[in-house]
Amino acid sequence: MDQRTLELIHASLDGELNTADSLDLQRLLAESAEARREHERAQAIDKALASLAVHEPPPGLRDAILARALPRPATAPARQASSAAPLRRTGLGIAAAIAASAALVVVLLTNDAQLPELDPSALAGTIGRHAGAVPHAISMDEGAVSGAVRLHRGEHGLVIEVDLDSSKPITLVARAGGDPLEFEGIVPLAGSPVGATRIEDGIRVVHDGNQHYAIVLRQHDFGGSTINLAVFDGDRLIGETGLKVSADGALRKK
Amino acid sequence: MTGDRVAFETLLTRYQRTIFNIAMRMLRHRDDARDVTQTTFLRVFEKLDQFDFNYKFYSWIYRIAINESINTLNGRQRFAPLDDEGVDEGPGPREACDVAQRDARIQDAIMRLSPDHRAVITLRHFTECSYQDIAAILGIPEKTVKSRLFTARQALGERLAADREGGV
């Protein structure tokens, strides 16, 4: 295949073709099986990249940046003291300062990094155009714990993705509306392996430090059921949310 | 000061998620991405009075984020080989963890690209910059942007195909 055809194929995926080039590409694709294969291959890569979930910035990051760029006089001593160190070492302290009460929100993540801030209370997510990849998340910023817990729905079941940084052991409990959860296991996505225990009505994971893993739930008819997620510090509930999986496959805030 | 704060908060609202995601795609490490996001905004704040408003603001802030990410990559020493990241050794059928594993597999492939190639992929696919924007951000000719994108996509395609053939 010549260089011009390759350039046209990739430029078409990048939205960089003018009308004349677009017509030229259509002709080339009609004439060449090799060009069509390359076009399909490039489209597949484009689709794979587009399917990646957007990462939600850590809770507390915005406030930490503001504190360093524009410290408020009333809080300057405390914030200046922590601002001398990199954020990763000060994040929990700042989080504790700004989270006088537990901040627990459910946010809808999409693949559009340019979306404006959303009102969590108004969200009712659906699978939509990101079929199989639309997560819901608990963004947690509660003193010693920060990070997110996301629920993905895929072809084969549900995945609870946990990405939490805790300065002391916490316990994550997942329960499904009255019926015991059937879980396949835990997949470490970064950091050390984690262990889970089956409990009477769900699963329990003891979590310590900065860990990122996925809890995989066996294929299940979740239509109309609910998934409840709760995080405990010892016996103290520090965050919880519920998601309802509708018969049509949509995930909605409970 | 109030005006500064409002303006800076607006910039944060507009760009925080994008900058964090640029850094995550470049680094695949939340703590590093958090630091890069913070440093990027602090540099913007420090140098805002030097910004030439004849240029696109996002090009400037994206350039800072990419450069900070590359600086962080250059300073890395602590990471295990990439093959150790995103492992899928958990119990149960592999296909059950489809979304998380698929994301990990794609990000693995991205991380195997050189930083230069990763930067063009990140800017094109995760910020939707045009060729012209990417050329301006990276300070390279558009022709180089196209060739790097092509090479990067070829490498990604080969890696993802190899993963599929390997049953991952």
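The values are calculated or read from the model by the stated rules, or taken from the named source; none is laboratory data. Computed from a predicted model, the values in this text were never measured in an experiment. Surface accessibility is based on the protein's heavy atoms, side chains included, excluding ligands, DNA and RNA. Shrake-Rupley method; radii C 1.70, N 1.55, O 1.52, S 1.80 Å.
How much accessible surface does B:Tyr55 have with a 1.4 Å probe, in Å² rounded to 10?
Probe radius 1.4 Å; accessible area of B:Tyr55 about 150 Å².
If DNA, RNA and ligands are ignored and the probe is 1.4 Å, what is the ranking of A:Arg4, B:Arg105, A:Arg175 by accessible area, most exposed first?
If we order A:Arg4, B:Arg105, A:Arg175 from most to least accessible, we get A:Arg4, A:Arg175, B:Arg105.
Provide Rg and Dmax in Å for segment B:111-168, with only Cα atoms included in the calculation.
12.5, 40
With all protein chains present, calculate the accessible area of B:Asp103 using a 1.4 Å probe and round the result to the nearest 10 Å².
30
Just by accessible area at a 1.4 angstrom probe, what is the order of A:Arg198, B:Arg28, B:Arg118 from largest to smallest?
A:Arg198, B:Arg28, B:Arg118
Tell me, what is the 1.4 Å probe accessible area of B:His29, in Å² to the nearest 10?
40
Roughly how far apart, in whole Å, are the Cα centres of segment B:106-168 and segment A:1-53?
16
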